[in-house]
Structures are given as C-alpha cells and as structure tokens.
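My questions will all concern the structure given below.
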Amino acid sequence: MAEAGRGGAGASSEGRLHQGPENHKSGSAGSGGGREGMGLMPASRCPFRRLRAARSALALRALVSFGLVLMLAVGLCSEPVAAGDDPIQAVADRQAEMDRMAKAMQVIGRFLKNEGATVAEVGVSAGTIRAVAVRLVSDLFPEGTEIGVGGSAARPELWRQWDVFGQYAANLSATAGRLAAVAATGDAGAMRAPMIAVVRACGACHELFRQKKP
Ligand code: HEC
C-alpha cells in the first residue's frame, strides 16, 4: 500500500515536471506532424495529467493521515516490552540513556543562563532528547525493571499506569521536537519557551514515576 502511494506521488510530480518541456517542444515544432500534436496535447493530455496529479495527491494525503492514526493507536494501546533476559542490564542501559538526556539538558541550561551554548548546540541536544524520548515506551522500560532490580529507581506504578507514562513520554518527544524546530530557524529569542517546556516534561514524569532520592 505504501509502495503504491509512493509510486503515485512520483508519477504525479514527474508528470508536472514534464509538462513544461513538452509544451515547449510542441510550440517550437513548427509545421507538419507538429501541428497535430499542438492541437491534441494541451487539450486532452494536460488536464488529464492535472487530474491524475490531484488524485494521487489526495490518495497520498489519505495514506499519510491513515498512517498517523495508526501510529497514534499503536502508541496509545501499546503494552510494555516483556521482561528481557537481563533486567539488571536493561536498568543500566536505560539509566545511561537518561544520563545522555541529562547531558543534553545541561547544554540547554547553559543556553538559558547565557553561559555560552549556541543555538546549533541546543538543536543537537533537542534531537538527542527526542531520539531517547521515543524509545522510553518502545524499549527502555521493559517489565520487571522496577525498584529492587539493580539500581532501578522506577516506581512500579509506572507499569500499572503505562498509558499515563506513555503520555509523559510523548509529551517529551513533542516538546523536544518543537525545540529542535525552533532552533533550526536560528531564532534565539523564540527558544526560551520550548526549552522550559522540555525541562518541565522531564520533571513531570520524574515526579510521578521516579523514586526520589532519600
Ligand atoms: C516518561 C517519563 C520520563 C521522562 C519524560 C523523563 N524521565 Fe528521566 N527517568 C524516568 C524514570 C522512571 C527514571 C528512573 C529510571 C531508573 O532508575 O531505572 C528516570 C531517571 C533519570 C535519571 C537518572 C539516571 C540514573 O543514572 O540513575 C536522569 C539523569 C534522568 N532521568 C534525566 C531525564 C531528563 C534530562 C529528562 C528530560 C530530557 C528525562 N529524564 C525525562 C522517567 C522519565
């Protein structure tokens, strides 16, 4: 299905690309067979092509929104990953990923405090956070890795309220995505709000699901 959609889109943009040169050719062809072409081509082929382009654009749009709905449904209905062979390693791995996000947050903090981080560095950091955020639900929190396993500080409620956990994770990936987008525009002044949103997205989930240090 995705294949067909892509084929359609390709064909339509090709059609549009070819339209110019072809019109040009038939215009400059002069006499004889060229005249026949001039009479037929613009009247019959071009509108048809335009129609086809419009149709496949619509089909593509339908396909994309279907994909989004599907992703959303899968995201919301997903279950935690089953316990792996080595839960202690799984805890260590995800803590390393959290630490990676914390390092990225330090860059954002430096920018907020005017301590030298650049817009481009904030953009990279936002990308790192987003990449980890999308893995929170898909693989970083397998079942059987709560407090008591290795050095885990993940409260058991996390798995009982998996949908809520998923919403906080999605919120982080959305806010980090927005920050990356703003950073890409290079507009330093517009970055404060999305940066603070990212900071809050971390804290909100920790508040609920991470055991506080004694
Ligand atoms: C959806 C929930 C959620 C979000 C969002 C989240 N975290 Fe966490 N984080 C946790 C949980 C749960 C733990 C405890 C994990 C453990 O101990 O195994 C944790 C642990 C950590 C740790 C401690 C890791 C260690 O070495 O023990 C750091 C640092 C951290 N998070 C940073 C961040 C930063 C920075 C962000 C935002 C950019 C963030 N987290 C966003 C849930 C979240």
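Dipole size in debye (nearest 20) for region 154-214 around its Cα centre, Lys and Arg Cβ +1, Asp and Glu Cβ -1?
Values: 8 positive and 4 negative charges, 52 e Å.
Charge dipole, region 154-214, about its Cα centre: 260 debye, nearest 20.
In debye, nearest 20, what is the charge dipole magnitude of region 74-162 about its Cα centre with +1 on Lys and Arg Cβ and -1 on Asp and Glu Cβ, if you could check? Display every interim value, and only then the final one.
Values: 9 positive and 12 negative charges, 94 e Å.
Dipole of region 74-162, to the nearest 20 debye: 440 debye.
In whole Hz and in residue order, list the ³J(HN,Hα) couplings for region 120-126 that follow from phi through the Karplus curve 6.51 cos²θ - 1.76 cosθ + 1.60, θ = phi - 60°; x for Gly and Pro.
5, 5, 5, x, 5, 4, 4
Related question: For each of T185, T145, count neighbouring Cβ atoms within 10 Å of the residue's Cβ, then give the residues from fewest to most. Mind showing how you got there, number by number?
Numbers: T185 11, T145 26.
By the 10 Å Cβ count, ascending, the order reads T185, T145.
Separate question: Can you work out ³J(HN,Hα) from phi for every residue in region 135-147, in order, using Karplus 6.51 cos²θ - 1.76 cosθ + 1.60 and θ = phi - 60°, giving whole Hz and x for Gly and Pro?
Karplus-based 3J(HN,Hα) across region 135-147 equals 8, 4, 7, 6, 7, 7, 10, x, 4, x, 10, 7, 3 Hz.
Continuing with the same structure: Using 14 Å as the cut-off for backbone N distance, which residues of region 192-214 belong to the label zone defined by a point 7 Å from the Cα of Q106 along Cα→Cβ?
none
Coordinate-derived values only; no laboratory data. Keep in mind that what you see is a predicted model, and the values were worked out from it rather than measured. Cβ sites come from the backbone with ideal geometry, for glycine too, and all protein chains shown count toward neighbours.
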